[in-house]
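Peer 1: Got a structure for you, written out below as structure tokens; questions coming shortly.
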Amino acid sequence: MNSLRLIETKDGSHSLYNAELNETYHSIHGAIQESKHVFIENGLKYLIHHSQPKNISILEIGFGTGLNALLTALMVEERSLKIEYESVEAFPLSMATIAQLNYPDRFNSSEAKITFNAIHQTEWNKPQGISSNFNLLKRDLKIQDADLGEQKFDLVYFDAFAPDKQPEIWKLPILKKVADALNSNGIFVTYSAKGQLKRDLISLGLSVEKIPGPPGKREMIRAVKQ
């Protein structure tokens, strides 16, 4: 995509700037730092701490650079967990763009590079095993067109572009589709802390809390399906 430009964020990790939306894929304060804080620490690790599951089903809205998938895959290798990871992405990145990203170099591990390459080299729309603990399904379609099923996922990483950039993704019908796909006691996490988002999630039967956000952002939302 000609509208994309590689940038380096403050923690040294790369992100992409989308000129059409005038928006970056991650926080300029740190791509890896943000993803770890929002989705791993306050999503995946929170779920593990409170439910102690052995198998976890994750839905990601916005595959993007694959950073959340990479961090998730690396974390579960340290634990006796099995992850089923499904991600929806309307505009997959080219392999030429992906090859520029420095995420594997930010970890002192050859495993990170192998895992990152495997995540991106898997076919779209076909479930594939990245490791014995991590299965991945990447779906290249709009969330509006996706059939997510019901009570299927334990955890949702809601990582679409910001509400003022892609407002249609944050509307109540989409949020209802995602909420319906969550299991009872399933967790929804996102970097956004918009008041309307909070109200909509509450209206869908989720218990919502605003918690401290990553550097550069005061708050984020975590919600639990009742």
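We did not get these values from a lab; they are worked out from the coordinates using the rules stated. Since the structure is predicted, the reported quantities are computational estimates derived from the model, not experimental observations. Cβ: placed from backbone, ideal geometry, glycine included. Neighbour counts: every protein chain shown.
Peer 1: Using a 10 Å cut-off on Cβ atoms, rank the peptides 50-58, 63-71 from the highest mean neighbour count down. Don't skip to the end; give the middle numbers.
Peer 2: Working: 50-58: 14.0, 63-71: 24.0.
By packing density, highest mean first, the sequence is 63-71, 50-58.
Peer 1: Which one of L182, P127, S207 is farthest out on the positive end of the charge dipole of the chain, using unit charges on Cβ (Lys, Arg +1; Asp, Glu -1) and the Cα centre as origin?
Peer 2: S207
Peer 1: Under 18 Å from the 7 Å Cα→Cβ point of L172, by amide nitrogen: which residues of region 195-225?
Peer 2: Taking a point 7 Å out along Cα→Cβ of L172, the residues of region 195-225 whose backbone N falls under 18 Å are 195-208.
Peer 1: A follow-up question, please. Run the dipole for region 117-170 about the Cα centre, Lys and Arg Cβ at +1, Asp and Glu Cβ at -1, nothing else charged, and hand back the magnitude in debye, nearest 20. Spell out each step's value before the answer.
Peer 2: Details: 6 positive and 9 negative charges, 40 e Å.
For this selection, approximately 200 debye.
Peer 1: I want to check the label-to-label distance for N22 and Q100. Put each point 7 Å from Cα in the C-beta direction and report it in nm to one decimal.
Peer 2: Label-label distance for N22 and Q100, simple model: 2.2 nm.
Peer 1: Next up: With N set to the residue count of the chain, report its C-alpha Rg divided by 2.2 N^0.38 Å to two decimal places.
Peer 2: That works out to 0.94 for the chain.
Peer 1: Further, regarding this structure: For an R0 of 41 angstrom, estimate the FRET efficiency from the Cβ-Cβ distance between F91 and H49 and round to the nearest 0.05.
Peer 2: That gives a FRET efficiency of 0.75.
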